[in-house]
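Some notes on the structure that comes next.
Each value in this text was obtained by applying a stated rule to the coordinates, not by laboratory testing. Not measured: the values here are computed from a predicted model.
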Amino acid sequence: MRTVGRNITAELIIAEYNAARADCLQGLIGQQSILTWSIAAIGVLFAAGLSIDTKVHAASTVRPWVFLGGVPLLALGASVAWLGEIFRMERDAHYMRLLERSTWPSDLMQEYEGNNQKVTDKMVTYRTLMLNTWVAHGKPPSRNRVVGYFGGIIIYLGATAGALAVGAALLHEYKTTAFVCGGAWCVIYIGIILIQLARIVDYSKLGLGESLVDLASPRVPGDNPKK
């Protein structure tokens with residue numbers, strides 16, 4: 001009976017692990033989809049705003065607000081949704097790491113704790129669930145590069161700042177006020193992004209300093225690449 005119990009537990013762990021992994025992959029698809037359509041939409045708004053014929057009635061009033069309102073709001077909504085999907089991925093990955101450690105034998109857990117909660121390549125030979133823990137807490141660090149998320153943030157922040165600058169420049173009056181308000185909006189936007197990033201990094205259990213180390217694929221000690 002004891003063996004049957006262990007088998008049932010193992011099956012449940014694998015089923016739940018696969019479910020978490022599937023949800024994580026859905027988050028990956030979602031964030032890629034959001035990034036794609038939002039960049040396209042921002043490009044369309046920019047093109048539309050720049051191509052509006054100034055001879056059209058009220059065009060001089062509409063054009064600045066395409067950049068002062070339309071693009072910044074779109075970038076904010078898209079970036080919040082995009083980071084939400086990344087948070088979903090990190091949440092699932094964190095849960096998978098907990099499941100992985102629940103399968104580890106006591107000697108592996110002792111080695112892990114004695115190694116400052118880092119996974120070495122040698123520990124993979126234990127042949128137990130370890131992939132996500134190895135990625136997030138492996139040696140050398142930065143296998144889990146949350147720094148990659150900054151690519152999308154730079155796109156959204158650049159689009160926001162650029163649109164606000166163009167919109168302020170198109171105004172016939174209150175330019176100074178528009179630039180000041182645009183700067184304030186950028187500060188608020190950065191604050192919102194940092195709050196979301198803090199939640200993501202907390203789940204990844206990887207400090208910002210570690211994530212910035214070795215942006216390229218790190219060389220694993222002991223590797224002998226062919227020349």
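Things worth noting here:
- For the stretch 80-88, 3J(HN,Hα) computed residue by residue from phi via the Karplus equation (6.51, -1.76, 1.60; θ = phi - 60°) reads 5, 5, 5, 5, x, 5, 5, 4, 4 Hz, glycine and proline entered as x.
- Amide proton proximity set for Gly138, modelled H, under 5 Å, gap of 5+: Val119, Arg143
- Counted residue by residue at 0.36 nm each, then reduced by the alpha carbon distance between them, the extension gain from Gln117 to Lys175 reaches 15.5 nm.
- In Hz, Karplus ³J(HN,Hα) per residue of the stretch 16-28 (6.51, -1.76, 1.60; θ = phi - 60°; x = Gly, Pro): 5, 5, 5, 5, 5, 5, 5, 5, 5, 5, 5, x, 4
- Between Ile52 and Ala40, full extension at 0.36 nm per residue minus the direct alpha carbon distance yields a gain of 2.5 nm.
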